[in-house]
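Colleague: If you scroll down you'll find the structure; I have some questions about it.
A short reminder: the numbers here are calculations on the coordinates, not readings from a lab. This structure is a prediction, so every number in the text was calculated from the model and none was measured. Cβ atoms come from the backbone with ideal geometry, glycine included; neighbour counts cover every protein chain shown.
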Amino acid sequence: MNRFVKCGLAIAVLIAPVVAQADDADVINYRKQIMKTMGEQNAAMQMTLQGKVPADQFVSHVKTLHLAATQALKAFEPEVQGDGMTGSAKPEVWSNKADFAKRMNEQVAKLAALEKAAVEGGVAKAGPMIQTSLDCRSCHENYRVPKK
């Protein structure tokens, strides 16, 4: 092995634990960013449906929304609770983890089906599925601290 490869491996071994260790605030901030992305992509998708922006962007917004939903599920794996000021997830996310995960997995599956329909037939095929594919309220009512 040449010395540059050895040096690179040594640095990676030293840095990896530092990079892998996120503090609680980082975990909460990451979750907030993912959930914000989902909200923004939903809003952008709705704008395409309303004809406010080019309809050719509809599929990309659906794809991004689906991807963000898969990231959201992963973002809640660390059991880091907010203090009411830093995060909006209720403690029930972790005390009722099975139900929360089930709801998140269902949301991901619905968005996967919506994405498939959007890719295959655009707004015409996916449009009728949107209302049932975006069931954010069922999780928010049970697992999110209401906005003030």
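Colleague: I need His66, His61, His140 ordered by Cβ neighbour count within 10 Å, fewest first. Present the calculation step by step, with values, prior to reporting the outcome.
Modeller: Numbers: His66 24, His61 21, His140 15.
Ranked by crowding around the Cβ, least crowded first: His140, His61, His66.
Colleague: Also: log₁₀ I(q)/I(0) of segment 23-143 at q = 0.11, 0.12, 0.17, 0.23 Å⁻¹, via Debye over equal Cα point scatterers, no solvent, to two decimals?
Modeller: Results for segment 23-143 at q = 0.11, 0.12, 0.17, 0.23 Å⁻¹ read -0.39, -0.45, -0.83, -1.28.
Colleague: Can you list the HN-Hα couplings for segment 97-111, worked out from phi with the Karplus curve (6.51, -1.76, 1.60; θ = phi - 60°), rounded to whole Hz and with x for Gly and Pro?
Modeller: After applying 6.51 cos²θ - 1.76 cosθ + 1.60, I find 4, 4, 5, 4, 4, 4, 5, 5, 5, 5, 5, 4, 5, 5, 6 Hz.
Colleague: Calculate one ³J(HN,Hα) per residue across segment 60-75 by plugging θ = phi - 60° into the Karplus curve 6.51 cos²θ - 1.76 cosθ + 1.60, and present them in order as whole Hz with x for glycine and proline.
Modeller: 5, 5, 5, 4, 5, 4, 4, 4, 4, 5, 5, 6, 4, 4, 5, 5
Colleague: In whole angstrom, how far apart do the alpha carbon centroids of segment 37-63 and segment 91-105 sit?
Modeller: 28
Colleague: So, by mean Cβ neighbours within 10 angstrom, what's the order for 95-107, 115-127 with the highest one leading?
Modeller: On the way: 95-107: 14.7, 115-127: 16.4.
Per-residue Cβ counts within 10 Å, averaged per peptide and sorted highest first, yield 115-127, 95-107.
Colleague: Taking H as built 1.01 Å from N, whose amide H comes closer than 5 Å to the amide H of Ala89, not counting residues under 5 places away?
Modeller: Gly82, Val145
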